[in-house]
Every structure is written in structure tokens, then in C-alpha cells.
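Working notes for the structure below.
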Amino acid sequence: MNSRRAAILLWFGGGALFAWIVLAQDWGRLGPALAGTGWGLVAIAAFHLLPLLADTRAWDCLLRAAPVRPAFARLCWMRWLGESVNSLLPAAQVGGDLLRGRLSQRAGVPGVLAAAVILVDLTLSVATLVPFILTGVLLAWLGAPQAATLTSLAGGLLLGAAGLGGFVLLQHSGLVGRLLARLAQLLGGNAFERGAVTAASLNDAITGLYRRPALAWRSAGWALLAWFLGAGEVWLALHFLGVDAGWREALVLEALFQAIRNAAFLVPGALGVQDGGIMLVAALAGVGPESALLVSLLKRGRELLLGLPGLLAAWLTLAAERGAGHLTADR
């Protein structure tokens, strides 16, 4: 079974799980609470622009190694398109990153460096997720000690940290470089098609980025800020739902959301897994399972509100790119 077919099957499987979870709820009680948020969804979507800007700045820091760097506003546009693809399409949460890598190349960033920056950006994003989730674990422990559950979660975080270390070592070994170069060639793009992005050149570019620690540390700082800003989105959701919760509960709940979502990265959008999983562990944040589900639904509403226009914009951008390519070929 190829990866695209597997992603589509996981997408439908997650959708079925999501539908079962939603239909199993008592909407006679939950419906009015969700409807009562009113324009809250718009406020949540507007607030989400803050972590998106922080994530874009993290990417922009690494692009300072490039001879040509797109304007920050243009990078924000690319980031939005990539996030829309990752959130709503069965692309294993990396299709959007490959899209922004390709768009940055079109904006003048050398193909090999565009690909290397994307890979390092993803690595730093995962690396900074570990201390963010650990902060949530610590706050949950201080608020309501539940040793067995927290020990399991901490064990999972340690495994994740070990996996991250192995991922970085693989980058330096050149294996990931060869795999990404092959994937890039399959996805297209002029520099990729001509073989300009080779395994060796990509690995050299990745190593070169790590040899500029100031850029990497700045990027990691912005990525970490983006994770913490995500807690503000959860706080707003709880506020509009009328749940009595503060910043501690919001941060713990967001840390749990991200732990579940990233553990289920093979399921597009962690559909169903995020929603059911957060109900099981919501008590760690001092929030009821039904309230946690409603927060998850508001998050998904925000993804649709921002993501659907983003998908349309991505389709139009790629269509225009293909049209320009045909015109160039005709000439």
C-alpha cells in the first residue's frame, strides 16, 4: 500500500472515529454551550494569527542564511498556505511544509537551502515542543497530582526526546538528506527536477545551518513562543464556553492537545484521536471531558475558518505557477 492511499484511509478512519465521538454526546446539553460562544470562533481565529506569526519568524530566522530572503509578509502568506494544507488535507502533516519550501524556492531561495531550512525548522519545532509539554506536565502535577497518568506521559516525552535526538543524528548522517531529496524530486519544482538538490548538497546545507547556532537559537526561541501562545487560544475557547479556568488550566490543556496531536501525526489532523484522547486526559487540566471536547471542536472550527480559504489560495497559487510554467515552455 502506498503512502498516499494509507493517508487517505487514515483520514477516513479518523473521520469515522470523530463522527462516533461527536454523535455519542448529549447535544441537548452541549449544543447551547457551543452555540453560546457566538462570535467567539472569530476571536479565536484572529488570536491564532499570533502563533502563526511567531512560527513564521522562526522560519525567517533560518532563512537569514539565504542570499535572497522573501519579505516577512510573503513568508506569512506561505506559512498560512502550508498550515492550511497540514490541517485539512491527508498529507501526514508535512505536505504543507513541502509546499512552503517550494514556494520559498520560487521566491528566490536556492532549492537546496529552501529544503534544508524546512527540515531544520521542523526539527526545532519538535524540539521546542518537548519543554512546552513538560511545562504542562509540571503544572498538571502541581495542580492535581496523579502519579500513574503523569508518569506514563513523562515516559512518552522521554521517548519522544530520544526519538528527536536520533532524528538530528540521522540528519548529520546524510540518510534523511537522501530521503528528502528523493521526495522533493517526486514532488517537483524546477531545481528538484534538474537534480540540483542532491543528498550530499542537502546534508551539507543542513549541517551548515546547525553550525550557525545564533540563527538556530533564535528560531527555537520563536518556535517555543508559538507553542505558549497556543495556550491563549485555548483560554479564549474556555472563556467563551463559560468554563471557569485560568491560564494554568489552559496551558496544561494545550500541552495535552499537542502531545496527543503529535503522537497521532500519521492521522491527518489527528482527526478523532485528538478529540477522543483529550476527553480521556482532560482531568489533568482540571477540565471536564465534555468541556475539553467542545474546546477541540472550536479548534477544528478555527482550522476550517482559516484553512478553507488557505486551501483555495494554495490551489490558485499552484495553478498560476503551472500556468506560468506552460507559458515559459511554449516560448
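For the stretch 220-276, residues that are of a type in the set (Lys, Arg) and over 29 Å from Ile8 (Cα atoms) total 1.
Of the helices (runs of 4 or more DSSP H) lying entirely inside the stretch 1-73, those containing at least 3 residues that are surrounded by 15 or more Cβ atoms within 10 Å (Cβ to Cβ), under 20 Å from the mean Cα position of the chain (by Cα) and modelled with pLDDT under 90 are 3-23.
Restricting attention to the stretch 274-291, and to residues there that are among the aliphatic types (A, V, I, L, M) and out of contact with any Asp or Glu (no Cβ under 9 Å at 6 or more places or on another chain), which single residue is surrounded by the most Cβ atoms within 10 Å (Cβ to Cβ)? Ranking the candidates gives Ile278 first. Looking only at the stretch 54-89, which residues are of a type in the set (Ser, Thr, Tyr) and within 15 Å of Asp121 (Cβ to Cβ)? Answer for the stretch 54-89, where residues must be of a type in the set (Ser, Thr, Tyr) and within 15 Å of Asp121 (Cβ to Cβ): just Thr56. Collect the residues in the stretch 94-126 that are closer than 19 Å to Ala71 by Cα and of a type in the set (Ser, Thr, Tyr), keeping them in residue-number order. Result: Ser104, single match.
Residue count for the stretch 247-273 under the criterion of being of a type in the set (Asp, Glu) and surrounded by fewer than 22 Cβ atoms within 10 Å (Cβ to Cβ): the result is 0. Within the stretch 100-130, the residues that satisfy the criterion of being in contact with a Pro (Cβ under 9 Å, 6 or more places away or on another chain) and among the hydrophobic types (A, V, I, L, M, F, W, C) are Leu103, Ala107, Val109, Leu113.
In the stretch 254-288, the qualifying residues are those that are on the phi > 0 side of the Ramachandran plot and assigned to a helix (DSSP H, G or I), and the one that is farthest from the chain's Cα centre (by Cα) is Ala270. Mind checking whether some residue in the stretch 205-214 is hydroxyl-bearing (Ser, Thr, Tyr), crowded, with 20+ Cβ neighbours inside 10 Å and farther than 18 Å from Thr128 by Cα? Scanning the stretch 205-214, I find no residue that is hydroxyl-bearing (Ser, Thr, Tyr), crowded, with 20+ Cβ neighbours inside 10 Å and farther than 18 Å from Thr128 by Cα, so the answer is no.
The values are calculated or read from the model by the stated rules, or taken from the named source; none is laboratory data. Keep in mind the model is a prediction, meaning the values are calculated, not measured. All Cβ positions, glycine included, derive from the backbone under ideal geometry; neighbour counts span all protein chains shown.
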